Amino acid sequence: MSSVRLVIACLLLCCTCSSLRADLPSSVDGFLTTNCLDCHNSDTAEGGLNLEKLPRAVDTHGLASRWVRILERVQTGEMPPPEDVEVDAKESAAFTKSLADWVRHEQETTAQKTGRVPARRLTNLQLERSLHDLLGIDLPLTLAMADEQRTQGFTNIVESQSMSHFQLEQHLRVVDIALDEAFRRATTPSDEWKKRLPAEKIVRTNPKRRTREPELIDGKAVVWSGRVIYYGRIPATTAKEDGWYRFTVRASALKPPSNGGVWCTIRSGQAVSSAPLLSWVGAFEATEKPKQTTVEAWLNKGEMLEIRPGDLTLKAARFANGQIGTGEGEPQNVPGVAIDWIEVERFHPNGDDAQVQQFLFGKHAVKTNRDPAKAELKLDDPKQEIGRLMALFARRAFRRPVPWEDVVPYVQMAHETLDDSGDPIEALKTGYRALLCSPRFLYFQEQPGQLDDHAIATRLSYMLQGSSPDVELMKLAAAGKLRNREVLLQQIDRLLEGPGGRQFIRDLADQWLDLHLIDFTEPDRRLYPGFDVIVQQSMLDETHRYLEEMLREDLPIGLIIDSDFTFLNSRLARYYKIDGAKSDVLERVSLKPEDHRGGLLTHGSIMKVTANGTTTSPVIRGVWVSERLLGREIPPPPESIPAIEPDVRGAKSIRELLAKHTSDASCASCHRDIDPPGFALENFDPSGRWRTKYGNPRKKNKMPPIDAGFTMPDGREFKDLQSFQELVLENPERLAANVVDKLIAFGTGAAPRFADREAVDQIVQQTANSGYGFRSLIEATITSPLFLNK
């Protein structure tokens, strides 16, 4: 233990970096003292800005943003306030030029010395996937890690990453969990199996007992539409061990509604009151004709499936005392699902045990045993073979060739264990553990200036796959071919093909669009009836599939704001009140103006993550749209400004409340950017549906109508969502630049700085001929100096 702790302690050394500071130009200081200090000093600090205490440095994103904000306010004539101070235009221009030159010089000088991106480490998800690829395992390791801090939604931003002793202990614990699983699988017989459960095995064991399991009707396991929790649980699917399971369900609908089939949910959990949470597994629309649905899920030991009609718009049966008796559901004339059989398969998605053995022991045969301690690994020359295996493992773990002298200290640890135990398996486990605790595994190895081919391979793979480079990338890096633009473009296409592209979209959307927050709130079902977990998951699927289409077809980036199509299944189409989708498979659906949909901006997933489940706020949505889609960074509000509390009685509209809030001059400058997109989206309620009035739609009392009109920051007016979309699309370059900003942050661990604005503009202009196509923007970003340099 102590030897590995010595290795892991050196991780702390990777967190240190130097900062370079040059004095603020005297002309800038003089301008601020003369024109700004009266209002922005220690006594007044209007707008939360105290120039006396503002550090004369831009070595953090926060400080740089404050200086750039000052520059832009003066540049646009907002500051100093014209009514308070008269500033000569030449003096103002000289100030902004001097300040811009200073910020740019500071950032460029730092980049030359230490790189644009400081030392960064793997995120939780990247660590999990790296260990999966190195060892061939499939444990959900992120569940053993603490939540990460996010900056603008991203988990990989260097300034948000820290490395405490707690995190070092966490890393060591996760490595141990991963290695224990890998060596268990490599040294014991396979635990994969498959079995089929007929209806008789799925239903309740005692038909006379009132319970929550399915009942047997005409040789099928039946669950009726109802609201009793855990109704539809299937104890026969209970996992005897933690693991990945594949379930194939053959089922049909009973008494389906006239407008379609019976939408059913598949969820997992212990299905008992002491463990009330259930995890999403999947959904399907049961029809009168039987069909098969296959889903895959991780189940902890003791968890089972729950399969039931999950559409909350279906008529529901009433059952007394939270239990269901055989024969109680059918007479109530409600829809149900009839299951013919369930096929259960225990499997390993990242490869079989032979693959794990290959990763750990190479070509050497291992004699497995049910007791891992009794497994045997035969090596002709144990110390020499252990050294060779560790050298190969180190190359994969460190993502580049490793000189033998760098591997020797780790090999010596393994040799010490071999001398003590005489067991080469235990010795290899010790050696691999030490390698996985090295900063060369946990941190990206990047030097200031142009990245070498191995660093390019690593950065590219972690951006597009979220994991370490594969064999093909490693070979190209070793051959020095990844600096060739055509080769790099070929690899981008390869990595984004098929499942890789879908995973990239999910990873990007989870962070860029905050879709990881989709479960954070749940709309009040009394206020927003019809919303359920099927609708929520369908909203996520809509957004993912929409972005996949933009990626595959290289569609213009303006489609994030407006379009004439989307992707729906029958449940979501019914929820949106749009015709076109007829099954549980997502279909491309054409949109009409009266559908009030179009573009990522109007997706239900976006509306849900930007609301609190009960009310909407133009401020919250406005900030989100400004920062995530329009590329306008919104500073936090001054501490002296209270938050807006909506009038839940509906007596006042949010516009009336906000008008009072923004009468303060210190608020107005920011709300000029925040409010337009926020009000443009007010017709969408917290559940993602279109509305025309505030308040509870079930109540007949008079409710305030929604006015979605407002004025853009440049003075142009819009009257509704559609005209807002039209105004935004007049400047697609800004949308494209914002996407480049997000891609750079996602791919490199640091958002573009003020000094990088020209480079971002060059990337955008390269894609003009494609209409700023989404795929073109990705390719231009990855092949740019911003991506290919530290």
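Descriptive notes on the structure:
- Computed about the Cα centre, the dipole magnitude for the chain is approximately 2820 debye when only Lys and Arg (+1) and Asp and Glu (-1) carry charge, each at its Cβ.
- In terms of the mean number of neighbouring beta-carbon atoms within 10 Å, the peptides 227-240, 52-65 order highest first as 227-240, 52-65.
- Mean Kyte hydropathy of -0.5 or more with a Cα span along the axis of at least 27 Å, helices from DSSP in the chain: 165-187
- Cα-based equivalent ellipsoid, the chain: semi-axes from gyration tensor eigenvalues, Å: 46, 42, 22
- Measuring between alpha carbons in the structure, the pairs from 195/291; 374/429; 195/301; 208/291; 90/790; 201/240 lying more than 27 angstrom apart are 208/291; 90/790.
- Helix content alone sets the calculated 222 nm mean residue ellipticity of the chain: runs of n ≥ 4 DSSP H residues at -39500 (n - 2.57) each, divided across all residues, give -12500 deg cm²/dmol.
- Distance from the alpha carbon centroid of the stretch 554-624 to that of the stretch 112-148 works out to 33 angstrom.
- Net charge of the neighbourhood of residue 686, taken over other residues with C-beta under 12 Å away and scored Lys/Arg +1, Asp/Glu -1, is +1.
- Mean Cβ count within 10 Å, highest first, over the residues of peptides 286-295, 591-600, 83-92: 591-600, 286-295, 83-92
- Descending by average beta-carbon neighbour count within 10 Å, the peptides 707-716, 531-540 line up as 531-540, 707-716, the highest first.
- Under the criterion of Cα pairs below 8 Å and six or more residues apart, the relative contact order for the chain equals 13 percent.
- Rounded Å value of the spacing that divides the Cα centres of the stretch 208-254 and the stretch 333-391: 31 Å
- Cα extents for the stretch 39-155 along the principal axes, largest to smallest and rounded to whole angstrom: 68, 32, 23.
- Environment charge at residue 672 (Cβ cut-off 12 Å; Lys +1, Arg +1, Asp -1, Glu -1): -2
- The distance linking the stretch 515-548 with the stretch 702-775 is 25 Å (Cα centroid to Cα centroid, whole angstrom).
- Residue order, fewest to most beta carbons within 10 Å, for 102, 404: 404, 102
- Among 608, 378, a tally of other beta-carbon atoms within 10 Å of each Cβ gives an order, fewest to most, of 378, 608.
- Order of 258, 225, 27, 617 under a 10 Å beta carbon neighbour criterion, fewest first: 258, 27, 617, 225
All of the numbers you see were taken from the coordinates with simple rules; none came from a lab. Remember, it's a predicted structure, so these values are computed and weren't measured experimentally. Note: ideal-geometry Cβ built from the backbone for every residue, glycine included; neighbour counts use all protein chains shown.
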